[in-house]
Amino acid sequence: MKNKIYLTTFLLLLVAFSNAQTPNKCGTMEHHTWKMQTDSRYAESFKLSENLINKFIEKNNNYNSSRISNQTSPDTIPIVVHVVWKTSGQNITDQQVISQIDALNEDFSRTNADSINTPAVWRPIAGRMPYHFILARRDPNGNPTNGIVRVQTSSNSFSTNDAIKFNSQGGSDAWDVNTYLNIWVGNLSGGVLGYGEFPTTASSNTYGFVCQYDAFGRVGNVNPPYDLGRTTTHEISHCFNLFHIWGDDGGACNGSDQVSDTPNQSDATFGCLTFPALDACSVASPGIMFMNYMDYSDDNCLNMFTNGQTTRMVAAVTNFYPSIVNSIGIQPVSLLAIDAGINSIVSPSNNYCTDSIQPMIILKNWGSSNLTSATINFKLDNNAVQTFSWTGTLGSLDTVTVLLPVIVSAPGSHTFISYTTIPNGITDMNNLNDTSSSTFNIISTGQNLPYTQNFSSTSFPPSGWSLANPDGATTWARSSVSQDANPGSLWMDNYNYNASGEIDELETEAYDLTSIANPRFSFYLAYKLYTDPALNPNYSDTLEVLISTDCGQTFTSIYKKFGIPL
């Protein structure tokens, strides 16, 4: 497990603990268990879903590849890919995203080149889906889009608790799940490559699939052996109600993936076995179907669904998210001639240590004609509107960064609003995309020094501090136990919490250092070693202290220890 704790805006304490665990290629069942325990609506509707699936299959038991081959054209499902990134390597390219859509379409239509590797005994039952995936062409507001949303996050990683699916938790809000199939791409913790959400009778604003950024697509920043896009094929199949081929029964041979034409299998397989492969549940040839997309084999080993699986997936889409098929999201937008708007606000946002801020906005030409001028209006809170005249040449659907005059405000939370008027000297033909807004905070001079925190109060975190706990599990807490004279302490029960890669952050209020020539930061520390890194290098609990002198925009590490030195 890795946990971090931030302590200040001017002074940041970051504590990271990391214990390794066995890699888990797919986090769907972990996510499903969490949803069943925390979301009663999901739990109740999931119980009803299997009955609907079975009724569809009973009526459509001949729904197989021959039916799909007779279809004049496949139905189309629009996809939106939310790229949630912190480092440049996580901000994958458009080309990498497109390569994943191509791989997905090949796998679902069984036009993948390695379909020839499917053993002859199973080729007659190899299934194809009647769906074609494309990146969305129209966003929920009716504007043209390339189907890719990019969000920069301050979170180091995400777990299977859906935080990546919310702006408020460092991720990106879903587009309408009844119109678009949402995919989130980011940095996942705990060795998880991805996780999908099972569909149910109740629409869910988290429905979709999450993928590790270097297991998404087949070009760009991809990491073998998961570099052919099969993680997405696997996880989206969970979104279409497929279970793991071994039934997740822990090798008992009595579990089921609810599909009749897949052989019984004891557990997941890794790498790439040699056909025929036998196990305790399938003791005779042809053995287990380790090349099925719902196994854990390496990407270059996976090459097939069965007819039973494709029928089950169609049943899920038909019963639970039918409006996603051929939705308005696939329809291109007819551009108006003159249409300008504020695409986003770069600044002000987040925290500032000064009361003087220069706004920076992204002006976008949504029109089909070149944009040569526009009035940019902006205001702070309920203050008077100010204007700025922009001139230049901006092609259709292009953007430009525009610096506006400096604004001055007092400490506290504020709202900044900007909108365009009079593009090219005439009335905007579409005012629905004109406006953007942002919220930000101007920090006061901060807590005077000297300052001491002895955690005497049972209220936690202390006033002015903030806590980030991405996985919603064990995190920083107050303890009444202390080895010195203090009445309490800050502690993390990492010894009993094994979740590799998890990061918990505790950030204090700001401190005013102007009156101290050589400020010092000190703390008492106690730590119990979980295991000697020399004996097991995969385990390493780490404590790190960082400071920030620019309101948390950047941080400098001033203390870092792990293992025996900690």
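The values are calculated or read from the model by the stated rules, or taken from the named source; none is laboratory data. The model shown is predicted, which means the values in this text are computed figures rather than measured ones. Neighbour counts run over all protein chains shown; Cβ positions are idealised from the backbone, glycine included. Heavy atoms of the whole protein, side chains included, go into the accessibility calculation; ligands, DNA and RNA do not. Shrake-Rupley method; radii C 1.70, N 1.55, O 1.52, S 1.80 Å.
Brief remarks on what is shown
- Residue selected from the stretch 448-469 under the condition in contact with a strand residue (DSSP E or B) (Cβ under 6 Å, 6 or more places away or on another chain) and surrounded by 17 or more Cβ atoms within 10 Å (Cβ to Cβ), by the criterion nearest to THR508 (Cα to Cα): PRO461
- Residue pairs meeting the criteria (Cβ under 7 Å; at least 6 apart or on separate chains; first closer than 30 Å to PRO411 by Cα, in the stretch 365-388; second charged (D, E, K, R) and open to solvent by less than 60 Å² (accessible area, probe 1.4 Å)): VAL385/LYS379; GLN386/LYS379
- All of (1) of a type outside the set (Phe, Trp, Tyr); (2) modelled with pLDDT of 95 or more; (3) outside any loop (DSSP other than H, G, I, E, B) hold for SER168 with one exception: (2).
- You will find that of MET294, MET289, the residue that is in a loop (DSSP other than H, G, I, E, B), in contact with a Leu (Cβ under 8 Å, 6 or more places away or on another chain) and farther than 30 Å from SER389 by Cβ is MET294 and no other.
The rows are residues; the columns are (1) part of a strand (DSSP E or B); (2) open to solvent by less than 20 Å² (accessible area, probe 1.4 Å); (3) at pLDDT 95 or above.
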{"site": "PHE133", "(1), (2), (3)": "yes, yes, yes"}
{"site": "SER155", "(1), (2), (3)": "no, no, no"}
{"site": "ILE164", "(1), (2), (3)": "no, yes, yes"}
{"site": "ASP176", "(1), (2), (3)": "no, no, yes"}
{"site": "ASN182", "(1), (2), (3)": "yes, yes, yes"}
{"site": "GLY191", "(1), (2), (3)": "no, no, no"}
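- For LEU336, the conditions (1) under 31 Å from the mean Cα position of the chain (by Cα); (2) under 30 Å from VAL177 (Cβ atoms); (3) surrounded by fewer than 19 Cβ atoms within 10 Å (Cβ to Cβ) are fulfilled apart from (1).
- Check on LEU403, at negative phi, touching a strand residue (DSSP E or B) at 6+ places or on another chain (Cβ under 7 Å), surrounded by 15 or more Cβ atoms within 10 Å (Cβ to Cβ) and of a type outside the set (S, T, N, Q): no
- Any pair with Cβ under 8 angstrom, 6 or more apart, that starts in the stretch 261-290 at a residue that is among the acidic types (Asp, Glu) and ends at one that is assigned to a loop (DSSP other than H, G, I, E, B) and open to solvent by less than 60 Å² (accessible area, probe 1.4 Å): ASP267/TRP246; ASP267/GLY251; ASP267/ASP279; ASP279/GLN265; ASP279/SER266; ASP279/ILE288
- Considering ASN254, ASN205, the condition of being without any contact (Cβ under 8 Å) to a residue 12 or more places away in the chain, open to solvent by 30 Å² or more (accessible area, probe 1.4 Å) and in a loop (DSSP other than H, G, I, E, B) is satisfied by ASN254 alone.
- Test: PHE440 is of a type in the set (Phe, Trp, Tyr) and closer than 29 Å to ASN382 by Cβ: yes
- Any hit, the stretch 122-131, residues being under 30 Å from GLU502 (Cα atoms) and of a type in the set (Val, Ile, Thr): no
- Residue within the stretch 494-509 that is at pLDDT 80 or above and over 30 Å from GLY191 (Cβ atoms) present: yes
- Per-region count, the stretch 458-491, residues part of a loop (DSSP other than H, G, I, E, B) and either closer than 30 Å to THR38 by Cα or in contact with a helix residue (DSSP H, G or I) (Cβ under 6 Å, 6 or more places away or on another chain) (or both): 17
- Top-ranked residue in the stretch 418-428 [being open to solvent by 50 Å² or more (accessible area, probe 1.4 Å) and not in a loop (DSSP other than H, G, I, E, B); ranked as farthest from LEU371 (Cα to Cα)]: TYR419
The rows are residues; the columns are (1) part of a helix (DSSP H, G or I); (2) open to solvent by 10 Å² or more (accessible area, probe 1.4 Å); (3) farther than 26 Å from PHE46 by Cβ.
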{"position": "HIS234", "(1), (2), (3)": "yes, no, no"}
{"position": "LEU242", "(1), (2), (3)": "no, no, no"}
{"position": "GLY247", "(1), (2), (3)": "no, yes, no"}
{"position": "ASP261", "(1), (2), (3)": "no, yes, no"}
{"position": "ASN264", "(1), (2), (3)": "no, yes, no"}
{"position": "PHE270", "(1), (2), (3)": "no, yes, yes"}
{"position": "MET313", "(1), (2), (3)": "yes, no, no"}
{"position": "VAL317", "(1), (2), (3)": "yes, no, no"}
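- For first residues located in the stretch 115-131 and within 18 Å of ASN300 (Cα to Cα), partners that are assigned to a loop (DSSP other than H, G, I, E, B) and of a type in the set (D, E, K, R) and lie 6+ apart or on another chain with Cβ distances below 7 Å form the pairs ALA126/ARG110.
- Among the criteria (1) over 30 Å from ALA113 (Cα atoms); (2) in contact with a strand residue (DSSP E or B) (Cβ under 6 Å, 6 or more places away or on another chain); (3) part of a helix (DSSP H, G or I), the one GLY329 does not fulfil is (1).
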